[in-house]
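What follows is one structure encoded as structure tokens, with my remarks underneath.
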Amino acid sequence: MFYWPAFFDAFPALLPGLMVTIELTVLVMPCALIVALALALARLYAPRPLARIATGWVEFWRATPLLLQLYWLYYVMPSETGILLPGFATVAFGLVCNVSAFLSENFRAGIGSIRVGQRHAGLALGMSETQAFFRVVMPQAWSRVMPETASMWVELFKETSLVSTLAVADLTYQALALRTENYRTLEVLTALALSYLVLAYPQAKFCDWLYRRHRVKE
Amino acid sequence: MSGATNRGHDARPDRRRHAGDEPALIQIEEVFHRYPTGVEALRGVSLSAHEGEVVCIIGPSGSGKSTLLRCVNGLEPIDRGRIRFGGRDVGAKGREAREIRRQIGMVFQSFELFPHMTALSNVSEGPRTVLRLPRNEVAARAREFLAKVGLADKAESLPAQLSGGQQQRVAIARALAMQPRAMLFDEATSALDPETVGEVLNVMQQLAREGMTMLVVTHEMAFARSVADWVVVMESGQVLEEGPPGRIFRAARLARTREFLHRVEHTPAPEPSGAGSDQP
């Protein structure tokens, strides 16, 4: 029997958690984009040893489960390295590492798909390598990786729910806390699901729109 | 600049190969280039182009013509030899290389327009990003050069909305907007439909008439014959023979040159060595 009042009452209780989830996403994604670009560039253009290190780093974060990474950072890193960060910073760091690893693969493929003649055309005009990259190659690569990046964004928004297991009071954490108070598992979790859906769907649509706008016809 | 007073206004016929009173604008000396794959693309190539000259480089595919052009503006490093542009060594790095490149316009076989920018933005890109001209000057200059290639009305079109010939003309305008001292054309018409080749050749011919120094790699023999001041025939990374077009096309010294010319002039498509099996 679905108890509607419990369902509706859940939303105000979820609100603070929602804020944390949004904060986490909004903070992690830009950082991950920058780190991903740096990793992709290192793998494509850096001297071999550096490129190898970047590759190793990416493979490590791609090939281990996110939950394990977060646990390790949260429980093992403080005791083994003495680095003690607040819970929020710890999970944010873990998410940046994980998401940027996936994004960098995507970026690398995108950048690699722009033919060398484009770079040459920029250089032939007298551009520096940096200008040729940011004015010519990257805008085109970005258009190609946009859809994948957009779906990563939505993915990240949902994956932040894992941090609830580490006492970071995000949306899921609040829902699980509320459930232990009122035992309305069905209503609370349905409210939780709806919250994610309502928030993620427009984001996905927005990303689609961005993609259509920036698409490069060739 | 120096000693220009005692040189009369030269008429076209005797403008050729002045007797060393002025160094060539583009001077290529004994250049070697080997690709990382091991292919030796250039094996001791020397040639020069004086201010205002049109030098056409012809020869079978894979003879190193395009590689040579890329070496001239430093897109491809050279292993040995020397390339000088306006008396300065090409092949420097960083700022120095850029300084030289901005004086040399380059037109590519596959246009290489920036697909994410309109025709106008493509032409504006150099003056804006490299020369850092003020905004209104950039726009005025870009429109001027688009008009020069006859595409003033296509300013807002994206490359994908233009025909091949139009794209190549935008690419020429893009290079000209940097107001270069010389232009390099790397098989500028080879990727075009036959019906749009003419419009691009016309623009090139007009440039030649205006006195632009041009190094033109081409399979368009009619163009080389009528527009070039000097024709260089290359094969297997070497200069086979060079001279004024009249002599090269009518009385080439080497049998191999005559064979090559015979082959291209009797093949409708601009791909002379298509068969590939014509040599033992």
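A search for C-beta distances below 6 Å between a residue of the range B:67-85 that is farther than 16 Å from residue A:123 by Cα and more than 14 Å from chain A (Cβ to nearest Cβ) and any residue that is in a loop (DSSP other than H, G, I, E, B) and hydrophobic (A, V, I, L, M, F, W, C), counting only pairs 6+ apart in sequence or on different chains, returns B:83/B:90. Selection over the range B:128-153 of residues that are away from every other protein chain (no Cβ under 14 Å) and within 22 Å of residue B:210 (Cβ to Cβ) gives a count of 11. Within the range A:61-83, the set of residues being free of Cβ contacts under 8 Å to residues at least 24 places away in the same chain and surrounded by 16 or more Cβ atoms within 10 Å (Cβ to Cβ) comprises A:73, A:77. Of everything in the range B:188-218, what is under 15 Å from residue B:69 (Cα atoms), of a type outside the set (S, T, N, Q) and part of a loop (DSSP other than H, G, I, E, B)? Give them in sequence order. Residue satisfying the conditions is B:188 alone. Candidates are the residues of the range B:115-127 that are surrounded by 24 or more Cβ atoms within 10 Å (Cβ to Cβ) and hydrophobic (A, V, I, L, M, F, W, C); the one that is farthest from the other protein chains (Cβ to nearest Cβ) is B:119. Reported count of residues in the range A:84-96, each being assigned to a helix (DSSP H, G or I) and free of Cβ contacts under 8 Å to residues at least 40 places away in the same chain, is 3. Is it true that some residue in the range A:204-216 is within 14 Å of chain B (Cβ to nearest Cβ) and part of a loop (DSSP other than H, G, I, E, B)? Yes, the conditions are met somewhere in the range A:204-216. Residues satisfying the criterion are present in the range B:168-187 (criterion: more than 11 Å from chain A (Cβ to nearest Cβ), in contact with a strand residue (DSSP E or B) (Cβ under 9 Å, 6 or more places away or on another chain), assigned to a loop (DSSP other than H, G, I, E, B) and not polar (S, T, N, Q)). Residues of the range B:29-67 that are in a strand (DSSP E or B) and within 14 Å of the chain's Cα centre (by Cα): B:47, B:48, B:49, B:54, B:55, B:56, B:57, B:58.
Per-residue answers, yes or no, for (1) among the polar types (S, T, N, Q); (2) more than 30 Å from residue A:143 (Cα to Cα); (3) within 14 Å of the chain's Cα centre (by Cα); (4) modelled with pLDDT under 95:
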site: A:10; (1), (2), (3), (4): no, yes, no, yes
site: A:68; (1), (2), (3), (4): no, yes, no, yes
site: A:79; (1), (2), (3), (4): yes, yes, no, yes
site: A:84; (1), (2), (3), (4): no, yes, no, yes
site: A:109; (1), (2), (3), (4): no, no, no, yes
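Taking the range B:102-151 as the range and being part of a helix (DSSP H, G or I) and touching a Phe, Trp or Tyr at 6+ places or on another chain (Cβ under 7 Å) as the test, the residues that pass are B:122, B:123, B:125.
Can you tell me which residues in the range A:19-34 are surrounded by 19 or more Cβ atoms within 10 Å (Cβ to Cβ) and over 10 Å from the mean Cα position of the chain (by Cα)? Those that are surrounded by 19 or more Cβ atoms within 10 Å (Cβ to Cβ) and over 10 Å from the mean Cα position of the chain (by Cα): A:20, A:21. Across the range A:88-118, the qualifying residues are those that are of a type outside the set (A, V, I, L, M, F, W, C), surrounded by fewer than 19 Cβ atoms within 10 Å (Cβ to Cβ) and within 14 Å of another protein chain (Cβ to nearest Cβ), and the one among them that is nearest to residue A:151 (Cα to Cα) is A:113.
Among the criteria (1) in contact (Cβ under 8 Å) with a residue 24 or more places away in the chain; (2) within 14 Å of another protein chain (Cβ to nearest Cβ), the one residue B:97 does not fulfil is (1).
Any chance the range A:120-129 includes a residue that's among the small types (Gly, Ala, Ser), within 14 Å of another protein chain (Cβ to nearest Cβ), farther than 28 Å from residue A:27 by Cα and within 25 Å of the chain's Cα centre (by Cα)? Looking through the range A:120-129, none of the residues is among the small types (Gly, Ala, Ser), within 14 Å of another protein chain (Cβ to nearest Cβ), farther than 28 Å from residue A:27 by Cα and within 25 Å of the chain's Cα centre (by Cα).
Considering the range A:164-187, the residues that are in a helix (DSSP H, G or I) and at pLDDT below 85 include one that is nearest to residue A:9 (Cα to Cα), namely A:164. Does residue A:58 satisfy being touching a helix residue (DSSP H, G or I) at 6+ places or on another chain (Cβ under 6 Å) and surrounded by 20 or more Cβ atoms within 10 Å (Cβ to Cβ)? Considered against the rule, which asks whether it is touching a helix residue (DSSP H, G or I) at 6+ places or on another chain (Cβ under 6 Å) and surrounded by 20 or more Cβ atoms within 10 Å (Cβ to Cβ), residue A:58 comes out as yes.
The values are calculated or read from the model by the stated rules, or taken from the named source; none is laboratory data. In this text the structure is predicted, and so the values were computed from the model without any measurement. When we count neighbours, we look across all protein chains shown, and the Cβ atoms used for this are built from the backbone with ideal geometry, even at glycine.
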